[in-house]
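Structure first, commentary second.
Please treat every number below as a calculation from the coordinates, not as lab data. Just so we're clear, the structure is a prediction, and the values are computed from it rather than from any experiment. Heads up, the Cβs are rebuilt from the backbone with ideal geometry, glycines too, and the neighbour counts pull from every protein chain shown.
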Amino acid sequence: MLDYIIPYLTRTFAFDPNSPLLFTQFYFWGFFAVVFAVFSLVHRRLLLRNAFLFATSLFFYYKTSGSYVCILAFCVVANFFIGKWIEKAEVKWKKKFWMILVVIIDLLVLCYYKYSYFFLDALYDFTGIELHVYNFFAAASNKMFGTHSLVDQIILPVGISFFTFQAMSYCIDIYRGKIKAVKNILDFGFYLSFFPQLVAGPIVRADKFVPQLYKKYFLPRRAFGIAVFWILNGLAKKIILSDYLATNFVDRVFDTPLLFTGLENLIALFAYSLQVYADFSGYTDIAIGVALLMGFRLPQNFNSPYKALSPTEFWRRWHISLSSWWRDYLYIPLGGNRNASVGTYFWMGFLSLVAILLSGSVWVGIALGVFFLYIAIYAYFKPGSRKFITTNMNAMATQIVGGWWHGASWNFIIWGGLNGFGQVFNKIWVKRSATFRASAALILSAVSAIIFKHYGTPICAITAVWFGVIFIGVWSVMIFRLFSQKTYKWLYTAWNVTLTFVFITFTRLFFRAGSNLDPAEANEVAWNTAKNMVNQMGTAWKWDTILPIAWEHINIILVFIAGMLIHWIPKRVKSRYRIAFASQPIPLMVLSTAFIIFVIYQFMSADSCPFIYFQF
């Protein structure tokens, strides 16, 4: 008997990098069943409950990241004690000193593990000095425990961006006087490491979650049904939509884009846009449902982002907990919609430097210099425009840093810059007259087409089509208004939702190209992937094979269409069927849940795809 039990316990409690605790695995639900059973016995004693869930969360992270659980424990200890010191400090400069210190500590932890390769590559590109990474954590572990971990490689700990940001917001809010410091380290550790949202968010603010630490467990009948619904909804998104699209088409195209036609590259790009939403929002739905079963409310993280009418609105709907974090702790400190700051000019200069380095052309530098000179002269002679200019500069800087947060490669910075540019361009564009917009779109489309014809630049073929479509849309509206003043709100909504979705999807080319890569090779491989896909979409079209190719991938297209149609269902309709599910009698809910799980797992592949945002 012991010969069987001991190996089983060893496999259960030891870290296995090939078998992390994923929401899509039955292993996780077995783990959660045990946790919930113990939770039901201790939930009345709040300190014991919080201590148990803290220990459970540490074990969960250990099963996900192994010895990197020490980093999480370090963040718990450092932020707990410094948070108390910030609160106890009686003079302003001491409070500020402790706040700056803890922010530096958290950023150093984050930057060491996430950006070491990026900084060393940049140092080599700028100066020719070649340095190599050294994993001090692995070296210390080898010395202490006699292990043989590699010291010349740094592996990114899962979820480090999320719990370091959550820790920073806690200490900054204490400094600002918005919250009181948590008195017990077990309570604070539970807040920072709560396992449902630990590795991929949502980022939970202390003022919303800490009060729940001291409330007794209460789960109404309908709330229980809602929790089960969110879990099933998240599993369906992840397995039926995200994993199916990834394993059956998207991953193959992004891995070898030159082996596929322009149409196939385009289909893969749009399919990825749905995949990343289904994957990330699916994780959030499951996290919200699991937390709710234990009586804790996590914040909404997505609000149908592909219903957005503009790039700015998209970021109010997508990854809401992170977007609001950037707003409160970066955008507003930079100056927000009030004025510019030193940070604003620093990030604008950084963006310009990146653009020049990536292009390798002095003309790009000259063009940027002329552009900023024009902006400065315009702001000098039109003081009323300064607020609009600085607001958009701060928005651009926020998006650039937001892109960099997602990954340590230039592709993510480009992705962030494109999103910032889209927001700024859209705000300027909508303020212009229809005549101006039609003329500008026509000119831009014509210039792009001419450049493509003479130089064969693939990106110009894409921009020619994009601005051509915009011209047709604006021109059609102008013609229609000559004969009728009637407005069709649904048509306006559909047009703007489509344009926003297409724009966001094309920025995702750089997001996906920089994902799932070793940091040591991310820059070169990601850039080549993005360039190759642009080349294929801009040139590799065989018009006589469009229908056969589309039919060949009809399953992917149908799944994509079905996913988008479900996404666009009105909010009130979704609310009705969510409540209808939650209001079922328990026996009927058990049967319907079993049936839904059976259907979901028919789509599951042999190798489960890890959640995309685990790498951030």
Discussion item. Could you give the length gained by full extension between Arg327 and Ser433, i.e. 0.36 nm per residue of separation minus their alpha carbon distance, to one decimal place?
Written reply: 35.1 nm
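Quick check on the chain: helices-only [θ] at 222 nm, where DSSP H runs of length 4 and up contribute -39,500 (n - 2.57) each and the sum goes over total residues. Nearest 500, please.
On the way: 26 runs with 430 residues, N = 616.
Calculated at 222 nm, the ellipticity per residue is -23500 deg cm²/dmol.
Using a Förster radius of 56 Å, what is the FRET efficiency between Val91 and Arg572 based on their Cβ-Cβ separation? Nearest 0.05, please. Write out the running numbers ahead of the final one.
Details: r = 53 Å, r/R0 = 0.95.
In this case the efficiency is close to 0.60.
What's the ranking of 166-174, 285-293 by average number of surrounding C-beta atoms within 10 Å, highest first?
In decreasing order of mean packing, 166-174, 285-293 become 166-174, 285-293.
Given a Förster distance of 60 Å, report the FRET efficiency between Ile375 and Leu258 from their Cβ-Cβ distance, rounded to the nearest 0.05.
Values: r = 40 Å, r/R0 = 0.66.
About 0.90, to the nearest 0.05.
Compute the length gained on full extension between Ala223 and Val525: take 0.36 nm times their separation in residues and subtract their Cα-Cα distance, giving the result in nm to one decimal.
Numbers: separation 302, 0.36 × 302 = 108.72 nm, distance 4.64 nm.
Fully extending the segment from Ala223 to Val525 adds 104.1 nm.
Over the chain, what lengths in whole Å, largest first, do the semi-axes of the equivalent ellipsoid take, defined as the square roots of 5 times the eigenvalues of the alpha-carbon gyration tensor? Intermediate values should be presented prior to the final figure.
On the way: eigenvalues 332, 194, 140 Å².
Equivalent ellipsoid semi-axes, largest first: 41, 31, 26 Å.
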Item to complete: Calculate, for Lys542 and Tyr601, the FRET efficiency according to 1/(1 + (r/R0)^6) with r their C-beta to C-beta distance and R0 45 Å; round to the nearest 0.05.
Response: 0.70
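Based on the mean of other Cβ atoms within 10 Å per residue, sort peptides 592-604, 228-240, 492-504 so the most packed one is first.
Details: 592-604: 13.5, 228-240: 22.6, 492-504: 16.5.
In descending order of packing, they fall as 228-240, 492-504, 592-604.
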Worksheet item: Once both labels are modelled 7 Å past Cα along the beta-carbon direction, what's the Ile451-Ile366 spacing in nm?
Response: 1.6 nm
Worksheet entry | Calculated log₁₀ intensity ratio I(q)/I(0) where the Debye formula runs over C-alpha points of the range 217-291, q = 0.15 Å⁻¹ | -0.56
Worksheet, complete the sentence: Which of Lys238/Lys542; Lys95/Lys215; Lys114/Lys307; Lys63/Lys84; Lys96/Lys178 exceed 23 Å between C-alpha atoms? The answer is Lys238/Lys542; Lys95/Lys215; Lys114/Lys307; Lys63/Lys84
Fill in: Reach of Lys431 by Cα under 16 Å, taken over lysines that are not fewer than 8 positions away in the same chain
Lys387
Worksheet item: Sorted by average packing, counted as other Cβ atoms within 10 angstrom per residue and highest first, what order do 101-109, 72-80, 242-250, 270-278 take?
Response: 270-278, 242-250, 72-80, 101-109
Discussion item. Which residues among the range 207-243 fall inside the zone where the amide N is under 20 Å from a point 7 Å beyond the Cα of Ala55, along Cα→Cβ?
Written reply: 213-214, 217
Item to complete: For the range 184-263 and the range 79-145, compute the distance between their C-alpha centroids and round to whole Å.
Response: 28 Å
